[in-house]
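Following: one structure in structure tokens, then a few remarks.
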Amino acid sequence: MNQALETKVAQTSAEAHAGHGGAPARLRVNEALAHTKLSPYWLDDPAQPPAERELVGATQADLLIVGGGFTGLWAAVQAKELMPQLDVVVIEANRVAHGASGRAGGIISTSVMHGLPNAVRVFPNDIDQLEQFGQRNLDGFEATLKRYGIDADIEWNGEMTVAVDPDHLAHLRADCDLHRSHGHDVVLLGEQATREQLNSPLFAGALWSRNRSGIVHPAKLAWGLKRAALSLGVRLYEHTPLVSVKDEGDTVFVSTPKGSVRAPRVLFGSGTAKVGIRDINRRVMQVRDHVLATEPLTEAQLARIGWKNRQGIYDTRTQLNYFRLTKKNNIIFGGLVSYHFDGDSNPPQDEKRETYYRLAQAFYKTFPQLSDVRFSHAWGGPIDYCSRGSVFARRYLGGKGVFVAGYTGFGVAASRFGAFMGLNILFDRDSPERGLDIANQSPIYIPPEPFRWIGAKITFHAFDGADAQGGWKRAWINGLKSMGFPM
Ligand SMILES: Cc1cc2nc3c(=O)[nH]c(=O)nc-3n(C[C@H](O)[C@H](O)[C@H](O)COP(=O)(O)OP(=O)(O)OC[C@H]3O[C@@H](n4cnc5c(N)ncnc54)[C@H](O)[C@@H]3O)c2cc1C
């Protein structure tokens, strides 16, 4: 057993426990993970609907959607609402929500651009319109959930960025000014005020954005969208992967293990999977991110950390952690990225308990008062990383296909907008975003293998010490940023 794994979790400060009846028992990281299920917390739920049947035989459709995650499901629902006469087929390789959508932290962001600072970085001239798209996207998001009675445990308590180092406060102040200048409801909190919101000895301050952001049960959202799509007459086939795709001139022919679909239009909501179009995987690469769920906190454990306003939280580390509560008061704690050669979508490391030790150590460092808490679930999931750091929609197959992805870890709400933009391009529909760069430009190429693997390894190694040590690690990360890659 690795010596480091035997190390006791971070020391609990006496201050953190004052008034709460003494320090709780301290678990070792390997004890806390001993009975952890290596599968997503969200999918381990009796609310999961039964799978739809696999496609057997040949069929045709007006629109074929590949992928049953948020992008594919939002595309299906919006296509039927905008063009009710369309015959829409969705094929999903596994089960609905078994990709990134059922593995997300579930923090909802208003922005369709991975946040306002990224929007300023990528499309500085279109900020006002991009902000409006974000607002309208959430209007439509909320209205859809209401219309179809989708209960996805949403709590609109905002998102909060916590500084884990006093040196990061200047950055938060700049972000605060930027958000205020665009009319956002944000508050900057000092150390004491931050710890009153959520108590961690690491927090030096925070920026709390209360602009229609919050948290959602991502799998319940996907299952609700699935139900809505079926109610609109969408034909959904689960356990039906695209095996090959062929441009036939006026139509596209897609084969699956036991059948086929012929359609004049195809929307690819397949994330970083390989679907037979090489250009896609030159522009997006799959990074794995990892997440832990604690067992539900008791009232006493909750009292040790506060968190009455239950915001979605990100910290300011270069290798950031994000965390939130579930309806049952489990803490979802994510943020440990890795890269596997050629974007392996099923890396064996995800199935190993050791993979999650460092994340568990980060959890206990953040919340030493919870050193008696165990982890119920641990899992990995695919991030569709691209240079834009946010969604793009690009035509393929002579314009008969559109690929939509690139959320770079921020797609829970933005996927509705991405699907909408993709449909508008595919059906040549008039819409305000189509006149802007967001709909007409694509992310730059990411170097191919083996350079991709080497670059990712160096980058993730640099993440580990960039904040504390700086040096070549900080210089490497800054170099990538200056080449246009979001970090
Ligand atoms: C660990 C993690 C945490 C995250 N946390 C957040 C968060 O807190 N907030 C946020 O906004 N975003 C978050 N995200 C990002 C968000 O989950 C994604 O942006 C979003 O789910 C993308 O949806 P999608 O439908 O494009 O992709 P996916 O959900 O991956 O769906 C793609 C689907 O296509 C299917 N597919 C693949 N190949 C084929 C094929 N050949 N044939 C048929 N189907 C195929 C897959 O099985 C999959 O179901 C997180 C992501 C991860 C991995």
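Yes/no per residue for (1) within 27 Å of R227 (Cβ to Cβ); (2) assigned by TED's automatic domain parsing to the domain that holds A193; (3) modelled with pLDDT of 95 or more:
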site	(1), (2), (3)
I127	no, no, yes
L130	no, no, yes
G134	yes, no, yes
E142	yes, no, yes
L145	yes, no, yes
A163	no, yes, yes
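Identify, by number, the condition in (1) in contact (Cβ under 8 Å) with a residue 60 or more places away in the chain; (2) surrounded by 13 or more Cβ atoms within 10 Å (Cβ to Cβ) that P450 doesn't meet.
(2)
Say whether the condition of being outside the structural domain of E131 (by TED's automatic domain parsing), over 20 Å from N281 (Cβ atoms) and in a strand (DSSP E or B) is met by at least one residue in the stretch 379-392.
Yes; the residues of the stretch 379-392 include at least one that is outside the structural domain of E131 (by TED's automatic domain parsing), over 20 Å from N281 (Cβ atoms) and in a strand (DSSP E or B).
Go over the candidates K365, K327 one by one and state the one that is assigned to a loop (DSSP other than H, G, I, E, B), more than 29 Å from P448 (Cβ to Cβ) and in the same structural domain as R26 (by TED's automatic domain parsing).
Values: K365 fails: assigned to a loop (DSSP other than H, G, I, E, B).
Unique residue meeting the criteria: K327.
Only one of F417, F403 is in contact (Cβ under 8 Å) with a residue 40 or more places away in the chain, in contact with a helix residue (DSSP H, G or I) (Cβ under 8 Å, 6 or more places away or on another chain), within 13 Å of the ligand (Cβ to nearest atom) and in a helix (DSSP H, G or I); which? Please lay out each step first, then the result.
Numbers: F403 fails: in a helix (DSSP H, G or I).
The match here is F417.
Name the residues in the stretch 235-248 that are in a loop (DSSP other than H, G, I, E, B) and either without any contact (Cβ under 8 Å) to a residue 40 or more places away in the chain or of a type in the set (A, V, I, L, M, F, W, C) (or both), would you? Working first, answer last.
Keep residues of the stretch 235-248 that are in a loop (DSSP other than H, G, I, E, B), which gives 238-243, 248.
Once the filter is applied, which keeps residues that are in a loop (DSSP other than H, G, I, E, B) and either without any contact (Cβ under 8 Å) to a residue 40 or more places away in the chain or of a type in the set (A, V, I, L, M, F, W, C) (or both), the stretch 235-248 yields L242, V243, E248.
Scan (1) surrounded by fewer than 20 Cβ atoms within 10 Å (Cβ to Cβ); (2) out of contact with any Lys or Arg (no Cβ under 7 Å at 6 or more places or on another chain); (3) over 22 Å from L145 (Cα atoms) for the single condition V29 breaks and write down its number.
Status for V29: all satisfied but (1).
If you check F253 against the conditions, is it hydrophobic (A, V, I, L, M, F, W, C) and without any contact (Cβ under 8 Å) to a residue 12 or more places away in the chain?
Working: hydrophobic (A, V, I, L, M, F, W, C): yes; without any contact (Cβ under 8 Å) to a residue 12 or more places away in the chain: yes.
Here the answer is yes, as F253 does meet what is asked.
Within the stretch 333-370, can you find the residues that are within 16 Å of the ligand (Cβ to nearest atom), without any contact (Cβ under 8 Å) to a residue 12 or more places away in the chain and over 19 Å from the mean Cα position of the chain (by Cα)?
none
Which ones in the stretch 128-139 are surrounded by fewer than 18 Cβ atoms within 10 Å (Cβ to Cβ) and farther than 15 Å from N118 by Cα? Step through it out loud before you land on a result.
So the first thing to find is which residues in the stretch 128-139 are surrounded by fewer than 18 Cβ atoms within 10 Å (Cβ to Cβ), and the list is 128-129, 132, 135-136, 139.
Answer for the stretch 128-139, where residues must be surrounded by fewer than 18 Cβ atoms within 10 Å (Cβ to Cβ) and farther than 15 Å from N118 by Cα: Q132, Q135, R136, D139.
Is it true that some residue in the stretch 407-427 is surrounded by fewer than 19 Cβ atoms within 10 Å (Cβ to Cβ) and within 26 Å of V112 (Cα to Cα)? Write out each step before concluding.
Going through the stretch 407-427, the residues surrounded by fewer than 19 Cβ atoms within 10 Å (Cβ to Cβ) turn out to be 427.
If we keep only those that are within 26 Å of V112 (Cα to Cα) as well, we get 427.
There is at least one residue in the stretch 407-427 that is surrounded by fewer than 19 Cβ atoms within 10 Å (Cβ to Cβ) and within 26 Å of V112 (Cα to Cα).
Which one is surrounded by the fewest Cβ atoms within 10 Å (Cβ to Cβ) among residues in the stretch 244-260 that are of a type in the set (V, I, T) and away from the ligand (no atom under 11 Å from the Cβ)? Talk me through it step by step, then tell me what you get.
Of the residues in the stretch 244-260, the ones of a type in the set (V, I, T) are 245, 251-252, 254, 256.
Restricting the remaining residues to those that are away from the ligand (no atom under 11 Å from the Cβ) gives 251-252.
Numbers: T251: 18, V252: 21.
So the residue we want is T251.
Criterion first (hydrophobic (A, V, I, L, M, F, W, C), crowded, with 17+ Cβ neighbours inside 10 Å and either at pLDDT 95 or above or within 14 Å of the ligand (Cβ to nearest atom) (or both)) does A16 satisfy it?
Numbers: hydrophobic (A, V, I, L, M, F, W, C): yes; crowded, with 17+ Cβ neighbours inside 10 Å: yes; either at pLDDT 95 or above or within 14 Å of the ligand (Cβ to nearest atom) (or both): no.
Answer is no for this residue.
Output yes when any residue across the stretch 84-93 is closer than 30 Å to S431 by Cα and exposed (fewer than 14 other Cβ atoms within 10 Å of the Cβ), and no when none is.
The answer is yes, given that some residue of the stretch 84-93 is closer than 30 Å to S431 by Cα and exposed (fewer than 14 other Cβ atoms within 10 Å of the Cβ).
List pairs: first in the stretch 191-220 and under 16 Å from H171 (Cα atoms), second among the charged types (D, E, K, R), Cβ under 7 Å, 6+ apart or cross-chain?
F203/E191; F203/R195; A204/D165; A204/E191; G205/E191; L207/D175; S209/E159
Which one is surrounded by the most Cβ atoms within 10 Å (Cβ to Cβ) among residues in the stretch 269-288 that are more than 8 Å from the ligand (Cβ to nearest atom) and of a type outside the set (V, I, T)?
From the stretch 269-288, those more than 8 Å from the ligand (Cβ to nearest atom) are 276-287; that's our starting set.
After this cut, where a residue has to be of a type outside the set (V, I, T) as well, the list is 276, 278-279, 281-283, 285-286.
Numbers: G276: 14, R278: 8, D279: 11, N281: 18, R282: 16, R283: 20, M285: 24, Q286: 22.
Out of the qualifying residues, it is M285.
Take the residues in the stretch 103-141 that are outside any loop (DSSP other than H, G, I, E, B) and near the ligand (Cβ under 7 Å from one of its atoms); name whichever of them is farthest from D289 (Cα to Cα). Full working, then the answer.
Quick first cut of the stretch 103-141, residues outside any loop (DSSP other than H, G, I, E, B) only: 107-108, 116-122, 124-141.
Those left that are additionally near the ligand (Cβ under 7 Å from one of its atoms): 107-108.
On the way: I107: 15, I108: 17 Å.
Within the stretch 103-141, the match that is farthest from D289 (Cα to Cα) is I108.
One residue is enough: does the stretch 52-68 have a residue meeting the conditions among the charged types (D, E, K, R) and closer than 22 Å to D250 by Cα? Lay out the reasoning, then the answer.
Filtering the stretch 52-68 for residues among the charged types (D, E, K, R) gives 52-54, 62.
From what's left, closer than 22 Å to D250 by Cα: 62.
Checking the stretch 52-68: at least one residue is among the charged types (D, E, K, R) and closer than 22 Å to D250 by Cα.
Yes/no per residue for (1) modelled with pLDDT of 95 or more; (2) crowded, with 22+ Cβ neighbours inside 10 Å; (3) not assigned by TED's automatic domain parsing to the domain that holds G306:
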| residue | (1), (2), (3) |
| --- | --- |
| P24 | no, no, no |
| A61 | yes, no, yes |
| L64 | yes, yes, yes |
| G68 | yes, yes, yes |
| G72 | yes, yes, yes |
| V96 | yes, yes, yes |
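Can you name the residue in the stretch 98-153 that is in contact with a strand residue (DSSP E or B) (Cβ under 6 Å, 6 or more places away or on another chain) and of a type outside the set (G, A, S) and is also farthest from N211 (Cα to Cα) among such residues?
Residue satisfying both the conditions and the ranking: R103.
Need the failing condition index for A206 against (1) touching a helix residue (DSSP H, G or I) at 6+ places or on another chain (Cβ under 7 Å); (2) within 27 Å of Y41 (Cα to Cα), just the number.
(2)
The values are calculated or read from the model by the stated rules, or taken from the named source; none is laboratory data. Everything numeric here is computed off the predicted structure, so don't read it as measured data. Backbone-built Cβ (ideal geometry, glycine too); neighbour counts: all protein chains shown.
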